[in-house]
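The values are calculated or read from the model by the stated rules, or taken from the named source; none is laboratory data. Note that the structure is a prediction, hence the values are computed from the model and not measured. Ideal geometry is used to build each Cβ from the backbone, glycine not excepted, and the neighbour counts take in all protein chains shown. Ligands, DNA and RNA are stripped out before the accessible areas are found, and what is left, the full protein with its side chains, is counted by its heavy atoms. Shrake-Rupley method; radii C 1.70, N 1.55, O 1.52, S 1.80 Å.
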Amino acid sequence: MPHALISWRLDQRNGLVISNLAKASPGYTGPSNVRGHPQSSPTRNEHQGAYCGSSRKTPILRLLQGLIVLMTLASWGHRAAAGDSLAMSGQVAMLVREIGIATPDERHETSSWEEWVKQEERRRTLWVAYAQFNLQCIAYNVLLMILNQEVLLTLPACGEEWNAPNPQKWRQMRSLHTPDSRNFQQALGQLLQGHQIHEPEAVSAFANYVLIHGLFQEIFFARSTTSLVEQSTGSLPMSFMQAMESALRAWQNS
């Protein structure tokens, strides 16, 4: 039932987009009656109004969060539901891109607590989706839905800030933790070069979690390429193995 409801909401959104595209077409004249004249229907217009209103009341982020929960439950629940989880991953990837996983999102230190929570909720939702795609790839040997080079999000903030129940506690936590302004590409690039990433600012536990997924992708694609080019040995180049060893050591230190 929850999946059917979410799918219905997505169908509504997609239907509205297609309808708007059709109306923008030069040859569009609207629905016609049998005599070829545009047909006006109060019932249809009322339905459109309710339809648009319901879309506004259902933020896309909530749809994504619901789909992630369902995809996760299906992935690690009964084996027979694995196919449903893989089918849902396409919808999740579509929403993840629409919400902006490939859009840089800098932290603004002047933001209020309420605004910060909204930004961090969006960011963390996208990070959870990214991690779930990687886990599906590991568990079911399927293609990755979101690639490292697409991700331009800022790293997740520390858990103490995120769990703060009010603005006063949040400001107190921020005085103890210097906000990490690096995005995923910057931190992952430092790791791949063997540089320490926990100095001068510490990296949050959630940030370390998404970074190990980033390193997994690097290994996954290196192995996939090697299996095609060097079928006789299937071994990774020594330079790559040394670079990954340094990266994993730097990640472990973090």
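A few remarks follow.
- Residue identified as in contact with a Leu (Cβ under 8 Å, 6 or more places away or on another chain), of a type in the set (Ser, Thr, Tyr) and either in a helix (DSSP H, G or I) or free of Cβ contacts under 8 Å to residues at least 40 places away in the same chain (or both) among Thr125, Thr103: Thr125
- Hits in region 214-254 (condition: at pLDDT below 90, assigned to a helix (DSSP H, G or I) and open to solvent by 50 Å² or more (accessible area, probe 1.4 Å)): Arg223, Thr225, Ser227, Leu228, Val229
- All conditions in (1) within 23 Å of Trp76 (Cα to Cα); (2) touching a strand residue (DSSP E or B) at 6+ places or on another chain (Cβ under 7 Å) hold for Leu153, with the sole exception of (1).
- Residue count for region 164-198 under the criterion of being within 21 Å of the chain's Cα centre (by Cα) and free of Cβ contacts under 8 Å to residues at least 24 places away in the same chain: the result is 2.
- Selection within region 73-98 - of a type outside the set (Gly, Ala, Ser) and crowded, with 19+ Cβ neighbours inside 10 Å: Met88, Val92, Leu95, Val96
To keep it simple, each residue is scored yes or no on (1) more than 26 Å from Leu67 (Cα to Cα); (2) open to solvent by 40 Å² or more (accessible area, probe 1.4 Å); (3) touching a strand residue (DSSP E or B) at 6+ places or on another chain (Cβ under 7 Å); (4) outside any helix (DSSP H, G or I).
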{"site": "Trp116", "(1), (2), (3), (4)": "no, no, no, no"}
{"site": "Ala131", "(1), (2), (3), (4)": "no, no, no, no"}
{"site": "Ile138", "(1), (2), (3), (4)": "no, yes, no, no"}
{"site": "Glu160", "(1), (2), (3), (4)": "yes, yes, no, no"}
{"site": "Trp170", "(1), (2), (3), (4)": "yes, no, no, no"}
{"site": "Ser175", "(1), (2), (3), (4)": "yes, yes, no, no"}
{"site": "Ala187", "(1), (2), (3), (4)": "yes, no, no, no"}
{"site": "Leu191", "(1), (2), (3), (4)": "yes, no, no, no"}
